[in-house]
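**Student:** This is the structure I have questions about; it appears just below.
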Amino acid sequence: MEFNYRVYAEPSPLVIVLSLALSLVQLVALWKIFVKAGEPGWAAIVPIYNLYITFKIAWGSGWKFLLMLIPLVNVVVGIMLLFKLARSFGKGTGFGFGLLFLAPIFFPILGFGDARYQGPDGAQPLQPAPAM
């Protein structure tokens, strides 16, 4: 008796199209978030650089993204990043939980919504002194 087991299942074309569409929406939302924060939008498509820019937006220092290289610490820092990102756009803790658990919904809300960038961790960005 011969058994023929299929090692993998091929994804259906519908799953592929929906995955690509969701990825594109997430990419455009991240692009819009970067532009709102005064960063170049194209940075959203560069893999490591987009993480650096996200940390720069949320924490004020992009180099803190190196903490993501430390096992177990990266989980805590990643969760903190989402809450700080929400606060940077004037959103509260509830929105941070939305970014954590429902990112495909809340990132587009942040990117396409009326949220304004308020500086790292919600501090107002520095404004130039008015000319006299």
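**Student:** If Pro71 passes every condition in (1) assigned to a helix (DSSP H, G or I); (2) farther than 18 Å from Ala29 by Cα; (3) of a type outside the set (D, E, K, R) but one, which one does it miss?
**Tutor:** It fails just one condition, (1).
**Student:** Here is a follow-up. Do we find a residue being part of a helix (DSSP H, G or I), more than 23 Å from Ala123 (Cβ to Cβ) and of a type outside the set (Phe, Trp, Tyr) anywhere in the stretch 29-39?
**Tutor:** Within the stretch 29-39, one or more residues are part of a helix (DSSP H, G or I), more than 23 Å from Ala123 (Cβ to Cβ) and of a type outside the set (Phe, Trp, Tyr).
**Student:** Working carefully through the options Met68, Met80, find the one that is farther than 17 Å from Val35 by Cα, modelled with pLDDT under 95 and not charged (D, E, K, R).
**Tutor:** Met68
**Student:** While we're on this one: How about the stretch 1-40: which of its residues are closer than 16 Å to Phe89 by Cβ and small (Gly, Ala, Ser)?
**Tutor:** Within the stretch 1-40, Ala29, Ala37, Gly38 qualify.
**Student:** Now for a separate question. Count, please, the residues in the stretch 17-26 that happen to be touching a residue at least 12 places away in the same chain (Cβ under 8 Å) and either of a type in the set (S, T, N, Q) or under 19 Å from Phe65 (Cα atoms) (or both). First the steps, then the outcome.
**Tutor:** Kept after step one, since they are touching a residue at least 12 places away in the same chain (Cβ under 8 Å), are these residues of the stretch 17-26: 22, 25-26.
Subset that is either of a type in the set (S, T, N, Q) or under 19 Å from Phe65 (Cα atoms) (or both): 26.
Residues meeting the conditions: 1.
Residue by residue, here is whether (1) surrounded by 14 or more Cβ atoms within 10 Å (Cβ to Cβ); (2) of a type outside the set (Phe, Trp, Tyr) holds:
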site: Trp59; (1), (2): yes, no
site: Leu82; (1), (2): yes, yes
site: Leu85; (1), (2): yes, yes
site: Gly96; (1), (2): yes, yes
site: Leu102; (1), (2): no, yes
site: Asp114; (1), (2): no, yes
site: Tyr117; (1), (2): yes, no
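The values are calculated or read from the model by the stated rules, or taken from the named source; none is laboratory data. None of these values were measured; they are calculated from a predicted model. No Cβ is skipped: glycine too gets one built from the backbone with ideal geometry, and neighbour counts run over all protein chains shown.
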